[in-house]
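First comes the structure, then the notes that go with it.
The values are calculated or read from the model by the stated rules, or taken from the named source; none is laboratory data. Model, not experiment: these values are computed from the prediction. All Cβ positions, even for glycine, are placed from backbone atoms using ideal geometry, and neighbour counts span all protein chains on display.
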Amino acid sequence: MCGIIGYVGKKNSLHVLINGLKRLEYRGYDSAGVAFINKNNIEIIKEKGKVAELEKKIDFTKESNIGISHTRWATHGAANEINAHPHSCEKITLVHNGIIENYEILKKELKQKGYTFYSETDSEVVAVLLNDLYKENDIIESIIKMKKILKGSYALAILCSDYPNQIYTIRKDSPLIIAKDSEGSYVASDVPAFLEYTNKYSILAEEEIAILTKDNIEVINNKKEKITKETITFEGDINSSQKDGYDHFMLKEIFEEKDVIKRIMKDYNTFDKLIEKMKFLDKYKKFDIIACGSAYHVGVVAKYLIEEFANIPVNAEIASEYRYKNNFLDKESLAIFISQSGETADSIASLRKVKAEGIDTLGIVNVVGSSIARESDNVIYTKAGPEIAVATTKAFVAQLTIVTLMSLYLGYKNKNIKKDKVTEILKELDIIENNIDKLLKYDYKEIAKLLYKHEKIFFIGRGYDYAIALEGSLKLKEISYIHSEAYAAGELKHGTISLIEENTPVICLLTDENIIDKTISNIKEVKARGAYTIGVSNEEHEFLNNNIIIPKTKRIITPLLEVIPLQLISYEVAKLRDCDIDKPRNLAKSVTVE
Ligand code: M6R
């Protein structure tokens with residue numbers, strides 16, 4: 001949430017900052033701003049809306065080799081130019097990602113000291129506070145003092161007019177990385193911001209302060225001792241953050257799903273590899289899966305699969321609830337955290353909570369070196385590559401592949417799936433692209449035309465079909481803004497069926513053969529009340545108004561195929577409604593605030 005890039009070096013900083021902001025826009029896009037130093041003066045330019053709007057206001061002929069910039073996802077105060085970052089107070093100018101929890105009390109104290117505030121943000125309070133502390137005239141000392149005062153989460157890039165060749169950065173519970181090449185030094189929220197210049201970077205730790213100059217990045221701790229940082233090489237390439245001829249990143253990322261599964265399967269495609277990779281699970285008799293949004297839906301699928309195939313109890317929990325309630329884990333339990341970004345605030349807080357209780361943790365994470373990846377006892381990377389569209393698709397499929405493999409392993413371990421069956425399923429997973437290709441060829445535009453003018457759309461299913469319905473519904477509402485709900489098919493009649501009217505679209509997931517007859521009865525109930533029914537199933541059903549056929553495969557693999565048409569239907573519906581598909585309103589890719 002919110003993207004930061006700062007640069008000091010030989011290049012024109014304005015180009016580096018604007019290019020970087022464009023690549024970070026997935027983190028927030030309701031306003032943007034830059035602060036750069038031109039002839040020893042700090043100039044600030046801000047604008048409401050997307051980075052392209054800010055770009056129009058910038059005079060790129062201005063000379064500047066140092067600057068900081070920000071793309072915002074509003075938390076405190078409306079999305080407007082005044083609340084946009086950077087914020088400044090006298091000698092201090094800064095950009096901030098995170099939430100300052102004690103900003104109100106600090107603001108009151110600073111007002112009493114005579115300071116005036118212009119914005120509604122918590123971030124301006126940080127600029128004023130640091131400026132006030134800096135009166136003692138040692139910027140590093142002032143930053144260290146400020147860290148002791150601030151409560152909440154922050155990633156900060158700071159300019160001080162007395163040191164026009166330096167950028168200072170600190171963080172707590174919000175990500176920041178630093179990088180250096182022959183042309184200068186960079187600080188950013190995420191790698192794509194500077195990937196066109198370098199793929200080598202280091203992660204700033206919570207207790208560290210980085211001081212960037214054009215030739216060097218010095219990292220020190222709170223005692224001002226120097227720290228040597230480990231350099232990480234980013235494995236993707238810059239093209240992974242380009243659209244490659246697709247109209248939208250979302251579509252490109254859906255079409256990448258088969259490659260993602262293939263990449264994962266290289267590590268698991270034989271019985272021996274699966275056993276080797278998953279045997280660490282042997283000691284656990286119970287699992288809690290904790291995540292948010294789509295990642296939580298992966299947890300719900302995992303619950304159905306593991307409970308059915310391995311007969312082991314699984315709780316799938318929403319992280320923002322989990323962090324504030326009791327759990328019932330013990331030494332034989334594993335807490336699993338699923339996250340694309342690895343930076344989701346509620347998931348990190350839940351992870352820290354269970355770790356403090358001595359519970360073993362596993363992260364299933366996409367972004368290498370992210371907080372959840374670093375802080376979990378064990379990590380499985382989902383290898384989906386950078387996901388730019390705010391609505392997750394390929395990362396979801398990657399997470400689902402990992403939990404499918406876990407379920408398969410646990411099913412074998414608990415003697416519910418025999419070795420030859422495991423091998424058969426792995427083979428089928430290894431060639432899943434054939435089935436995915438069939439699904440990608442389908443004409444979803446025709447289905448979308450039936451849906452895009454409706455105000456409400458329902459998704460129903462039972463078992464893992466229900467879990468995938470949750471994801472289909474979230475995908476549709478987040479990018480098309482049509483109100484949608486997913487219901488366990490049998491639950492609808494306990495109230496929600498009252499919303500079904502003549503022609504209300506109901507997308508019916510009915511691939512789970514164990515329970516298909518029951519689902520069919522529920523579909524008939526909505527049909528009897530006038531619903532327009534679209535089936536997602538392994539065969540044509542005459543009683544449905546429309547049918548999307550999922551190629552028949554092994555039961556445990558079906559959710560992986562079943563979600564793809566739902567992603568594509570959402571995409572086509574959003575397109576017909578002329579929505580900003582990759583950057584839906586009010587959302588951000590990485591939710592680093594609670
Ligand atoms: O980065 P994470 O996987 O932890 O993010 C979790 C959710 O914020 C995320 O899945 C969100 O629901 C997506 N916008 C869904 O498309």
Next item on the list: Among what's in region 143-191 and is among the polar types (S, T, N, Q) and surrounded by 21 or more Cβ atoms within 10 Å (Cβ to Cβ), pick the residue that is farthest from the chain's Cα centre (by Cα).
Entry: Ser185
Item checked: Condition check for Asp215: of a type outside the set (Ser, Thr, Tyr) and under 22 Å from the mean Cα position of the chain (by Cα) -> no
Next item on the list: Could you tell me whether any residue of region 381-396 is more than 9 Å from the ligand (Cβ to nearest atom) and farther than 25 Å from Ser570 by Cβ?
Entry: yes
Next item on the list: Examine region 79-88 for a residue that is surrounded by fewer than 16 Cβ atoms within 10 Å (Cβ to Cβ) and on the phi > 0 side of the Ramachandran plot, and state whether such a residue exists.
Entry: no
Notebook entry, point to check: Just for region 336-350: of the residues that are in contact with a helix residue (DSSP H, G or I) (Cβ under 6 Å, 6 or more places away or on another chain) and not small (Gly, Ala, Ser), which one is nearest to the ligand (Cβ to nearest atom)?
Noted result: Gln340
Notebook entry, point to check: Among (1) assigned to a loop (DSSP other than H, G, I, E, B); (2) in contact (Cβ under 8 Å) with a residue 40 or more places away in the chain; (3) among the charged types (D, E, K, R); (4) away from the ligand (no atom under 16 Å from the Cβ), where does Glu502 come up short?
Noted result: (2)
Check: Any chance region 234-251 includes a residue that's surrounded by fewer than 19 Cβ atoms within 10 Å (Cβ to Cβ), touching a residue at least 40 places away in the same chain (Cβ under 8 Å) and touching a strand residue (DSSP E or B) at 6+ places or on another chain (Cβ under 7 Å)?
Finding: no
Next item on the list: Considering (1) away from the ligand (no atom under 14 Å from the Cβ); (2) assigned to a helix (DSSP H, G or I); (3) touching a helix residue (DSSP H, G or I) at 6+ places or on another chain (Cβ under 8 Å), say which one Glu307 fails and leave the rest.
Entry: (3)
Note to self: Exactly one of these conditions fails for Asp360: (1) under 13 Å from the mean Cα position of the chain (by Cα); (2) farther than 21 Å from Ala467 by Cβ. Give me its number.
What the structure shows: (1)
Margin query: Within region 151-221, considering only strands (runs of 3 or more DSSP E) that don't extend past its boundaries, which have at least 2 residues that are at pLDDT 95 or above, within 29 Å of Ile105 (Cβ to Cβ) and hydroxyl-bearing (Ser, Thr, Tyr)?
Written below: 167-172
Margin query: Checking the condition buried (at least 24 other Cβ atoms within 10 Å of the Cβ) and under 19 Å from Leu405 (Cβ atoms), which residue from Ser347, Ser339, Ser371 passes?
Written below: Ser339
